[in-house]
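Novice: First the structure, then my questions, so here it is.
The values are calculated or read from the model by the stated rules, or taken from the named source; none is laboratory data. Keep in mind the model is a prediction, meaning the values are calculated, not measured. Backbone-built Cβ (ideal geometry, glycine too); neighbour counts: all protein chains shown. For accessibility, only protein heavy atoms count, side chains too; no ligands or nucleic acids. Shrake-Rupley method; radii C 1.70, N 1.55, O 1.52, S 1.80 Å.
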Amino acid sequence: MENKTVLITGATSGIGLATARLLGSNGFNIIACGRRKERLDELKNILEKDTRILTLEFDVRNKNAVNKVFNSLPEEWKKIDVLINNAGNAHGLDTIDQASLEDWDLMIDINVKGLLYVSRAVIPGMVSRKSGHIINIGSLAGKETYAKGNVYCGTKHAVDAISSGMRKDLLEHGIKVSQVCPGLVNTEFSEVRFKGDEKKAENVYKGMEPLYAEDIAEIIEFVITRPKHVNIADSLILPLDQASSTEVKRS
Ligand code: NDP
Ligand code: 8X3
């Protein structure tokens, strides 16, 4: 049987990188996306020993760039079987009266509009083939809110609603839509949120064992490899040390 082609946004670090490495080493064809070219090149060097890999360098916020990239995909890469909408970050952790408008723009533009631009470019091909699988990376922050998480939580609640709406729109076309929602995962996420402040980033995971990117990659692989009639519509994955956004057991 022909190997499936999986497109992963945000494949240069954290959950996206671990997923590309796991799926690539298990024979899936990989389209790895991100802005950091050197990291995409590095991933390509590693994975091309095991599988076929195409790297695409673009910013998901740039509607024109997204359209250009997808309109000029090489013929043999046009059939995308699985889309993993993973690119995203939190920017800042501030109260609603003090947060920066730039941070809000970044989160809304990347986590919501970027996900939509890529989806809109990929889904019509799935519709015409009457098959495909979209996996949106949501968050515990899309199921509840926490102080100072205002707009990040808002974007992840939007991913939750968009995932559910997508599933309804794509039902008649035989396309699966799944959402994978992690709690605390130790990636570059907190470094990005705190704009490179390593001390603040480390404190997020202090005295507790968070999830690792590889844990979520394994869940994503499980979601993708279910039988044709089974769709894992939603999933919430927490570390043992976390019960909610605000209830974390620390030593
Ligand atoms: P990382 O910071 O490690 O990875 C983020 C990825 O997103 C990078 O590959 C980055 O690539 C990409 N990205 C960011 N901005 C853009 C952009 N404008 N255009 C294209 N790509 C972009 O974080 P995680 O792996 O933790 O995050 C992945 C997803 O998981 C996110 O959606 C996040 O919200 C979600 N999540 C994370 C949790 C956590 O605790 N870590 C928990 C729950 C959900 P590059 O910079 O090269 O463009
Ligand atoms: C990332 C997890 O709790 O930092 O989505 O918002 S959290």
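Novice: Kindly work out what percent of the DSSP beta bridges joining two residues of the chain are antiparallel, to the nearest 5.
Specialist: Counting DSSP beta bridges with both partners in the chain, the antiparallel share is about 5 percent.
Novice: Taking only Cα atoms of region 1-122, what ratio of Rg to Rh do you get with Rh as the Kirkwood inverse-distance radius?
Specialist: 1.02
Novice: Shifting gears a bit: Just add up the charged neighbours of ILE224: K/R +1, D/E -1, any other residue whose Cβ is under 10 Å from the Cβ of ILE224.
Specialist: Result for the neighbourhood of ILE224: +1.
Novice: Suppose all protein chains stay in the model; what accessible area per residue would a 1.4 Å probe give for region 60-125, in Å²?
Specialist: Per residue, region 60-125 has an accessible area of 51 Å².
Novice: Across 10 Å bins from 0, what is the distribution of all Cα-Cα pair distances for the chain, in whole percents?
Specialist: In whole percents, the pair-distance histogram is 7, 32, 38, 19, 4, 0.
Novice: Ok, one more. What length, rounded to one decimal in nm, is gained on full extension from SER128 through to GLU172, with 0.36 nm per residue of separation minus their alpha-carbon distance?
Specialist: Difference between extended and current length: 14.7 nm.
Novice: Still on this structure, I have one more. Can you tell which of ASN111, SER131, GLN98 lies farthest toward the positive end of the dipole of region 85-152, using +1 and -1 charges on the Cβ of basic and acidic side chains (Lys, Arg; Asp, Glu)?
Specialist: Value: SER131.
Novice: Could you calculate the contour length gain from ASP59 to ARG36, that is, 0.36 nm times the residue separation minus the distance between their Cα atoms, to one decimal place in nm?
Specialist: My answer for the length gained is 7.3 nm.
Novice: Nearest 0.05, what FRET efficiency do ILE96 and ALA243 give at R0 = 25 Å with Cβ-Cβ as r?
Specialist: Given R0 = 25 Å and the Cβ-Cβ separation, E is 0.50.
Novice: Where does the chain land at 222 nm, in deg cm²/dmol rounded to the nearest 500, when only DSSP H runs of n ≥ 4 count, each adding -39500 (n - 2.57), divided by all residues?
Specialist: Here the helix-only value at 222 nm equals -12000 deg cm²/dmol.
Novice: Still on this structure, please answer the following. At a 1.4 Å probe radius, carbon and sulfur cover how many percent of the accessible area of region 5-237?
Specialist: Its accessible area is 52 percent carbon and sulfur atoms.
Novice: Summing Lys, Arg as +1 and Asp, Glu as -1, what charge do residues with Cβ under 14 Å from the Cβ of THR246 carry, THR246 excluded?
Specialist: +1
Novice: For region 90-173, what class follows from the C-alpha gyration tensor (a ≥ b ≥ c being the square roots of its eigenvalues): rounded when a/c is under 1.5, otherwise prolate if a/b is larger than b/c, else oblate?
Specialist: It comes out prolate by the Cα gyration axes.
Novice: In straight Cα distance, which aspartates and glutamates are under 15 Å from LYS49, not counting same-chain residues fewer than 8 positions off?
Specialist: Leaving aside aspartates and glutamates fewer than 8 places away in the same chain, those within reach of LYS49 are ASP41.
Novice: Using only the alpha-carbon atoms, how far is helix 213-224 inclined from the longest principal axis of the chain? Give it as 0 to 90 degrees, nearest 10.
Specialist: Helix 213-224 and the main axis of the chain meet at about 40 degrees.
Novice: As a test of understanding, state the convex hull volume per residue of region 1-65 from its alpha carbons, in Å³.
Specialist: Per-residue hull volume (Cα only) is 76 Å³.
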